[in-house]
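Encoded as C-alpha cells, the structure appears first; notes follow it.
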Amino acid sequence: MTPTLLGLLANCVVVARGPKPTAALRSREVRIDRSAKEPYTTAEVLESLDDLSLRGEGVVVQRYGETNVELEKALRAKARKSWKSPPTAGRSPRIPGRSLG
C-alpha cells in the first residue's frame, strides 16, 4: 500500500464487509470506518451505510471476483454515481470520492 493511497483513503469513508477484508485492511494500516455485521452479506454492508448520505459522492468498490450487482445497484441509487475497481494486484485505484471496500 503506497503512502499516496493511504493518504487518499484517509479522506474517505472505508467500509469492510467481513473478517478477511478487515484483516487485510488493518494489516496495511487502513482505517476502517464502517463494518458489516454478521452474516456479512450485501444487506449488512448497505445497512452499515444507512445513516450516511452519499448523494453526489463518488463511490469506489474494491471487489474480489464477480461483480455484486445488488450492491452496485443500491450504491448507484444512493450516490447517483459510482466507480469500481476490478480486482488487480499491485495497482492503486484512483479515488474520486468515498471508498467502500
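Derivation of every value follows stated rules applied to the coordinates shown; laboratory data play no part. The model shown is predicted, which means the values in this text are computed figures rather than measured ones. Note: ideal-geometry Cβ built from the backbone for every residue, glycine included; neighbour counts use all protein chains shown.
Worth pointing out:
- With a Förster radius of 35 Å applied to the beta-carbon distance between Thr2 and Arg76, the computed FRET efficiency rounds to 0.80.
- With neighbours defined as other Cβ atoms within 10 Å of a residue's Cβ, the residues Thr67, Thr2, Thr42 order from fewest to most as Thr2, Thr67, Thr42.
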